[in-house]
Amino acid sequence: MRSSIRRALLAAVALTALAPLAAPAQTFPDHPIRLLIPYAAGGSTDNMARVLQEPLQKALGQPVIIENKAGASGLLAAREVIRAKPDGYTLFFVNNGNLAVTPAVVKDANYDGVKDFTPIALVSSAAMVAIVPASVPANDIKGFIEYAKANPVAYASAGIGSFGQLATELFANRAGVKMTHVPYKGQGPTTTAVVAGEVQLLITTPSAAMNEFIHQKRLKLLAVTSPEPSPLAPGTPTIAATLPGYAAESWFAIIGPAGMPADLVARLNAAINAAVQLPEIQQRFTTFGVVAKTTTPQKLTQMVAEEVTRWTPVIRDNNIRTD
């Protein structure tokens, strides 16, 4: 009898001890959620976050407060998220470059894109495009590779360590060609440079200005960088069709600090996925040059690891570093 009472008391104590741990998941969220953006207002990441803000608030029943923390290549926002409690109330809207490139390229970044965060939900992806001046006598990727092997070729990027630089270096490595890197300050100057023939190749995200130059036949669109054809560039072949296995696709996701409980991650993943799948959200995303996408936290975790594996050798072998 006494042993039965003792077991019952121990069980009651154990349940009492566990109750505080379970309570946050049962009540989450009970106050506003912060969503940090590592860029200034008005960019594509900020635009996507603000389009998602209202449906997320409805799904979660709490305000979602967007905070732009630009500067230091996204380090200010990243470090604040890393220091935050893993309780679901501080989230981070990132792209794969923030997780796989910045830690390896930026001096004193001092964070690990895999270990220091909890992947929650994929939001969208964006294929880049490979464009050349009208003066380059190539109309597809195979023709450009042949041209680059026979002639001196320079390529533009939006700066040292930019995703465009990495994508182009990966292309050069797979194609077996040598090209000179010419960094510019942003996408606008790179577009001007390729139109003028200052460089012979630009791999970058598409823009309205670039599309107009293509329409005017001052630029040639050779391919997209995604593994599969992009719905935003109908009829355009992939680089992978010529160089199997090549992929350099930007994607955007919402993550949190390391150590978030699985039930909170699942709750947030379901809310974000529901918002991203709304037809009006998907339509708005196309105006930003991205395709709305969703996945599980487990698959997103795998995607982060794959990006680190893909880009670390490119960064190391080309000694790509910024001060």
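Arrange ILE145, ILE272 by Cβ neighbour counts within 10 Å, fewest through most, would you? If you can, show how the numbers build up before the last one.
Details: ILE145 19, ILE272 23.
Ranked by crowding around the Cβ, least crowded first: ILE145, ILE272.
Compare the Cα positions of VAL153, THR301, GLN200 along the charge dipole of the chain (+1 at Cβ of Lys, Arg; -1 at Cβ of Asp, Glu; about the Cα centre) and return the one farthest towards the positive end.
Among VAL153, THR301, GLN200, the one farthest towards the positive end of the dipole of the chain is THR301.
What is the fewest-to-most order of SER226, SER73 by other Cβ atoms lying within 10 Å of their Cβ?
Values: SER226 25, SER73 18.
The order, fewest Cβ neighbours first, is SER73, SER226.
I need the calculated FRET efficiency for the pair ILE160 and ALA262, taking r as the beta carbon distance and R₀ as 25 Å, to the nearest 0.05.
Working: r = 39 Å, r/R0 = 1.55.
Calculated value: 0.05.
Give the order of VAL81, VAL177 when sorted by the count of other beta carbons within 10 angstrom, beginning with the fewest.
Numbers: VAL81 25, VAL177 18.
By the 10 Å Cβ count, ascending, the order reads VAL177, VAL81.
Taking the Cα centre of each part, how many Å lie between segment 34-102 and segment 143-174?
31 Å
Any chance you could give the angle, 0 to 90 degrees and rounded to 10, that helix 2-27 forms with the longest Cα principal axis of the chain?
Around 40 degrees separate the two axes.
Among the aspartates and glutamates, which fall within straight-line cross-link reach of LYS293, defined as a Cα-Cα distance under 20 Å, with same-chain neighbours fewer than 8 residues apart omitted?
ASP46, GLU54, GLU228, GLU249, GLU280, GLU306, GLU307
Read-outs throughout are calculated quantities, based only on the coordinates presented, and are distinct from any laboratory measurement. Values in this document were obtained by computation on a predicted structure and should not be read as measured data. Because the Cβ atoms are built from the backbone with ideal geometry, glycine has one as well, and the counts that use them run over all protein chains shown.
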